[in-house]
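Here the structure is laid out as structure tokens; the discussion comes afterwards.
Readers should treat all values here as calculations from the given coordinates under stated rules, not as data from a laboratory. No experiment lies behind these values; they were computed from the predicted model shown. Ideal geometry is used to build each Cβ from the backbone, glycine not excepted, and the neighbour counts take in all protein chains shown.
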Amino acid sequence: MGRALAVIIWILTFLSVLIFACKKWWFPPSIVNHGPALDRQFMITILVVGFAFTAAQVGLGYMLWKYRDTNTGARAVYTHGSNKLEVLWTVITAAIFVGLAVMGQSVWASLRLNEAPPGSFQVEVVAQQFQWNFHYAGKDVLFGRTDPKLIDDSSLNFLGLDETDPNAKDDSVVTALAVPVNRPVELILRSKDVIHSFWVPQLRFKQDLVPGMAIRVHFTPNTVGKYELACAELCGQLHFKMKSYMLVLPEDEHKALVALPQAEFQARMKELLDKYPLPNY
Ligand SMILES: [Cu+2]
């Protein structure tokens, strides 16, 4: 029985490692400038914890095998363990964990702890149960005033955009995200009701949208295409339906799109969503 358990543990360990090593279920390729650094950091982390996991499980199997019931009548003995060893492996584990965190910090900081570069393309993202709204500033590059009192879903004013504000005249609110390629993009993330989470796997970050907050994130996409955008926070009964697309467009195509008035913007967006296929994973 002891031997069988040991072998089962080894087989399970081998299969678990295989799932990661074969890379069949891996991330889609990144499409942002910070992607390679983040992927490298992820790889280091998974190699370190993968090695620790394998060593621990192989050791566990070895102990099961060695100390199995052999019917020799030998008695179990009590041992208090070794304080020295306990301290040693706790210190080593702590050092590895803190080391990995410090290494990852620089990638994180470069993305999250500084402001978006000047000239970034800005989009206001307003989430609600259960849809994504994207607010574009239009030709004047100025967002129109919004007021929660003006929110009226029945007249499709999901954001409470103040139509009397001159800056709002050329604004568009549509249900998909379009950003230019090779230019910094800044998203201003808000929520109208509960916590949602903005997630495009190819962007290599996930960010909550929290009611009452305007959370800013920035990135520079480098590959033209259409990508799935999902809500990654269980936000209610129809959470699974809360999805959209992010289009990364060539500069001229993007420029022409965001200059369009609302209705034409929406129509052109539909055409573009049909034009670009989803990448196959
Ligand atoms: Cu949601």
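When the alpha carbon coordinates of segment 41-151 are projected onto the principal axes, the ranges are 86, 32, 24 Å, largest first. Computed extension length for Ala55-Asp140: 24.6 nm, one decimal, from 0.36 nm per residue of separation with the Cα-Cα distance subtracted.
When the Kirkwood radius is taken over all Cα pairs of the chain, what Stokes-Einstein diffusion coefficient follows at 4 °C and 1.567 mPa s, in µm²/s?
On the way: Rh = 22.6 Å.
D = 57 µm²/s.
Going down the table (Lys226/Lys255; Lys243/Lys270; Lys149/Lys192; Lys24/Lys241; Lys241/Lys270), which pairs top 22 Å between alpha carbons? Over 22 Å Cα-Cα: Lys24/Lys241. Length gained on full extension, Asn222 to Asp162: 18.2 nm, using 0.36 nm per residue less the C-alpha separation. Remark: spin-label model distance Thr90-Leu18 equals 3.8 nm, labels positioned 7 Å along the Cα→Cβ axis.
By Kyte-Doolittle mean hydropathy of at least 0.5 and Cα axial length of at least 30 Å, which whole DSSP H helices of the chain are selected?
Membrane-span-like by this rule: 35-66, 83-112.
Taking label positions 7 Å along the Cα-Cβ direction at both Asp69 and Glu115, the computed distance is 7.1 nm, reported to one decimal.
With q set to 0.14, 0.15, 0.16, 0.25 Å⁻¹, the log10 of I(q)/I(0) for segment 102-198, from the Debye formula over equal scatterers at the Cα positions, is -0.60, -0.68, -0.75, -1.37.
Which far-off residues, 5 or more places away or on another chain, put their amide H under 5 Å from the one on Leu229, with H placed in the peptide plane? It is Ser244, Tyr245, Met246, by chain and number. Over the chain, Cα pairs under 8 Å with separation of 6+ residues give a relative contact order of 19 percent. Straight Cα distances below 12 angstrom link Lys169 to the aspartates and glutamates Asp140, with same-chain residues fewer than 8 positions distant left out.
Based on Cα atoms of segment 121-275, Rg over Rh with Rh as the Kirkwood radius reads 0.93. Contact order for segment 121-275, expressed relative to its length and based on alpha carbon pairs under 8 Å spaced 6+ residues apart, stands at 25 percent.
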